[in-house]
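Here the structure is laid out as structure tokens; the discussion comes afterwards.
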Number of protein chains: 2
Amino acid sequence: MLVDAALVVEDGRVAWLGTERDAPAADTRRDLGGRAVLPAFVDSHTHLVFAGDRAGEFAARIAGQPYDGGGIASTVAATRAADDEELRALLSQRVAELRGQGTATFEIKSGYGLDVDQESRLLRLAGEVTTETTFLGAHVVPSGVGRAEYVDLVTGPMLAACAPYARWIDVFCEPASPHAFDADEARAVLSAGREAGLGLRVHGNQLAPGPGVQLAVDLGAASVDHCTYLTDADVDALAGSDTVATLLPGVEFSTGHPYPDARRLVDAGVTVALATDCNPGTSYTSSMPFVIALAVRELGLTPTEAVAAATAGAARALRRDDVGRIAVGGPALLTVLDAPSHLHLAYRPGVPLARPLPVAHSGA
Amino acid sequence: MLVDAALVVEDGRVAWLGTERDAPAADTRRDLGGRAVLPAFVDSHTHLVFAGDRAGEFAARIAGQPYDGGGIASTVAATRAADDEELRALLSQRVAELRGQGTATFEIKSGYGLDVDQESRLLRLAGEVTTETTFLGAHVVPSGVGRAEYVDLVTGPMLAACAPYARWIDVFCEPASPHAFDADEARAVLSAGREAGLGLRVHGNQLAPGPGVQLAVDLGAASVDHCTYLTDADVDALAGSDTVATLLPGVEFSTGHPYPDARRLVDAGVTVALATDCNPGTSYTSSMPFVIALAVRELGLTPTEAVAAATAGAARALRRDDVGRIAVGGPALLTVLDAPSHLHLAYRPGVPLARPLPVAHSGA
């Protein structure tokens with residue numbers, strides 16, 4: 001952390017970084033009045049392309065109805081029924097909402113289409129707003145389709161149609177859910193994705209202990225996401241790997257489930273990322289500041305660790321070294337806080353302190 | 001709740017309320033695009049007049065340092081050292097922050113002055129921005145002053161100097177804290193305040209079971225705030241009274257203490273209010289939407305109950321029947337959500353959905 005810091009931006013990139021009294025001359029100077037500047041947040045796990053509203057399901061779950069992943073079907077139906085323009089408008093609103101809260105880089109998964117045309121359509125639309133697109137045909141087994149048949153579809157024609165639009169492939173590996181995929185199915189999906197040139201991600205260990213983490217580590221996935229129920233062997237495996245543990249405490253806030261233990265992971269040497277999991281069923285927050293505050297209250301991270309997990313950690317989960325940090329030569333993706341330090345993101349929960357720092361571009 | 005609702009505003013007051021197809025003609029029509037409109041939030045418990053920053057203390061407490069109310073002294077020192085203009089600027093920023101998140105009516109306590117001149121100064125400044133001013137000389141016993149001597153000061157010259165600027169008197173009745181006041185001291189403070197024509201409020205049962213609730217009910221206080229540790233007798237006393245139980249879950253979020261049980265109170269027939277307790281030590285949030293989301297996640301309220309507690313319930317805690325609801329003839333203090341229903345305040349935690357609905361004033 002730099003105090004009394006200054007930076008020089010040229011053509012959208014950081015050209016100089018240091019303390020204010022050493023700052024070189026610049027064409028335009030802007031005084032931020034002692035506000036803290038951070039690397040823009042990286043949200044490495046979202047499901048932003050969808051239609052429909054599940055506020056009623058949320059209210060019912062709060063009143064006691066259990067969650068097992070089955071509600072995804074209602075979003076699938078609404079998403080399939082929406083045309084491209086409708087989905088684009090919804091996506092664009094959501095992207096504006098993320099950006100308005102200080103997030104500059106974000107991943108988007110498919111997974112509400114669940115057939116060849118719909119999944120590739122969702123990825124095409126996601127690709128209009130981010131390079132971090134993830135094929136999640138293996139989100140749940142759609143109703144009326146056999147499990148084996150669906151895995152064949154995902155690893156065959158659906159993958160072929162989707163791979164051109166995707167950087168990543170992901171699978172909801174959760175044998176505890178009747179809708180999700182077991183270890184063998186998940187391995188088949190990920191292996192096919194790797195063959196097609198995609199990077200690997202896993203949803204795992206969300207609802208119960210399970211094979212997701214070990215599978216992610218075995219296959220060299222960039223990230224395994226959720227990680228609520230971990231054995232010591234899972235933690236050891238993560239610590240000895242390049243796989244990031246991405247924690248999504250917005251889910252536990254909204255579902256009432258127990259929170260994952262970030263402290264245990266960090267103490268074991270695991271790289272931890274934080275993300276919103278922005279989706280209409282289990283975590284309809286788009287706020288990285290809220291996720292940071294939760295990580296400090298509930299996951300055992302210090303404010304500094306939480307901010308690192310929401311920036312550099314999440315960048316690592318996307319295998320990106322150009323974002324999630326402020327470095328000379330890197331892109332000027334900056335977030336400014338209406339506060340004097342990054343501590344205030346946890347100290348002032350719920351307050352919209354973070355916003356993008358617009359950077360003037362010289363030339364065109 | 002009205003669906004497809006419309007309302008007519010004239011001279012800052014609600015002139016008509018109903019469904020859109022029945023709406024009368026109006027000079028100007030504004031379509032909110034299906035957004036939900038709520039009564040503006042009422043924040044019935046804040047400590048907005050202060051100087052200084054305690055983010056470092058927050059970080060230390062998260063790392064394990066206990067809270068007993070002693071940190072208030074650092075805010076007292078910084079506040080005493082700030083001149084009126086500095087305090088006005090800080091207060092004005094905070095009021096703008098509250099309003100920007102949909103709060104229109106808010107209470108402000110003194111309590112960071114702790115001598116005659118400083119307490120009356122803080123109330124004078126608070127009175128520049130709200131009619132709901134509360135004299136909280138009995139916040140803590142300042143260091144270097146004897147307890148009995150300080151109670152005499154608060155109930156004597158300090159009260160005389162402060163009463164002209166205050167609507168309410170409040171006391172931190174918490175025998176478990178060495179800095180706060182016991183039952184006899186609190187009764188003396190409240191009785192003197194009542195003699196001086198002030199309404200009564202109590203901070204009670206925050207850190208341990210204690211006499212605060214019973215005292216508040218005995219003396220007919222409008223509200224007893226915190227209510228984390230309640231006996232069955234406390235709940236029964238509240239249920240048989242006009243005293244509102246004001247819950248402040250931002251405090252428990254920030255301190256890591258257990259949350260109060262709103263469900264138990266509502267089920268017993270107690271009127272519950274939600275407020276931020278916005279203060280630099282234990283709850284530096286200004287966000288009523290965040291408090292509503294916490295109340296649903298942690299306090300056992302439904303989304304509808306939580307919104308009611310943050311509007312009508314909090315109005316009741318201030319003995320106001322003109323705010324916290326939308327009624328024909330009442331002031332048009334309205335909050336609009338970037339969402340189709342009030343459920344979204346809990347369904348979309350951390351997202352800045354709420355903002356004031358500006359109302360055009362005809363005439364001057």
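The rotation axis taking chain A to chain B passes closest to the C-beta of one chain A residue; that residue and the distance in whole Å read A:352, 2. Could you tell me which of rounded, prolate or oblate describes segment B:227-353, using a ≥ b ≥ c as the square roots of the eigenvalues of the alpha-carbon gyration tensor, with rounded for a/c under 1.5 and, failing that, prolate when a/b is larger than b/c and oblate otherwise? Since a/c reaches 1.5 but b/c is at least a/b, the shape of segment B:227-353 is classed as oblate. Peptide A:45-58 is shielded by partner chain Cβ atoms: per residue, an average of 2 of them sit within 10 Å of its Cβ.
Mind checking the angle between helix B:116-127 and chain B's longest principal axis? C-alpha axes, 0 to 90 degrees, to the nearest 10. Tilt relative to chain B: about 0 degrees. Here the contact order of chain B, divided by its residue count and restricted to Cα pairs under 8 Å and six or more residues apart, works out to 21 percent. Charge tally for residue A:109 (other residues, Cβ to Cβ under 9 Å; Lys, Arg +1; Asp, Glu -1): -1. Rounded, prolate or oblate for segment B:155-281? Axes are the square roots of the Cα gyration tensor eigenvalues, ordered a ≥ b ≥ c, and the cut-off for rounded is a/c under 1.5. Note, shape of segment B:155-281 comes out prolate. Placing a label point 7 Å from Cα along the Cα-to-Cβ direction at residue B:21 gives distances to the equivalent points in the other copies of 7.3 nm, listed shortest first. DSSP beta bridges fully contained in chain A are about 35 percent antiparallel. The string of couplings for segment A:228-238 from the Karplus curve (6.51, -1.76, 1.60, θ = phi - 60°) is 7, 10, 10, 8, 4, 5, 4, 5, 4, 4, 5 Hz, one whole number per residue in order, with x for Gly and Pro.
Note on residue B:21 and residue B:147: with the Förster distance fixed at 56 Å, the Cβ-Cβ geometry gives a FRET efficiency of about 0.30.
Bridge orientation summary for the protein assembly as shown: considering DSSP beta bridges with both residues in this region, about 35 percent are antiparallel. Computed about the Cα centre, the dipole magnitude for chain B is approximately 760 debye when only Lys and Arg (+1) and Asp and Glu (-1) carry charge, each at its Cβ. Across peptide B:349-359, the average count of Cβ atoms from other chains found within 10 Å of a residue's Cβ is 5.
Between amide H atoms placed 1.01 Å from N, distances below 5 Å from residue B:35 occur with no residue 5 or more places distant or on a separate chain. With Cβ to Cβ distances under 13 Å as the rule, what net charge do the other residues near residue A:335 carry (K, R +1; D, E -1)? Once all neighbours under 13 Å are counted, the net charge is +2. The mean count of C-beta atoms from other chains within 10 Å of the C-beta of residues in B:279-286, rounded to a whole number, is 3.
When shorter helices are ignored and each DSSP H run of at least 4 residues is given -39500 (n - 2.57), the per-residue value for chain A at 222 nm works out to -9500 deg cm²/dmol.
For the protein assembly as shown, just say rounded, prolate or oblate: build the C-alpha gyration tensor, square-root its eigenvalues into a ≥ b ≥ c, call rounded for a/c under 1.5, and beyond that prolate if a/b exceeds b/c, oblate if not. Because a/c hits 1.5 or more and a/b exceeds b/c, the protein assembly as shown counts as prolate. As a test of the definition: with a 1.4 Å probe, what buried accessible area, both sides summed, do you compute for B against A, in Å² to the nearest 100? Answer for the B-A pair: about 3200 Å² buried.
The values are calculated or read from the model by the stated rules, or taken from the named source; none is laboratory data. Since the structure is predicted, the reported quantities are computational estimates derived from the model, not experimental observations. Here the Cβ is made from the backbone with ideal geometry for all residues, glycine too, and neighbour counts use every protein chain on show. Side chains are part of the model used for accessible areas, which takes the heavy atoms of the whole protein and leaves out ligands, DNA and RNA. Shrake-Rupley method; radii C 1.70, N 1.55, O 1.52, S 1.80 Å.
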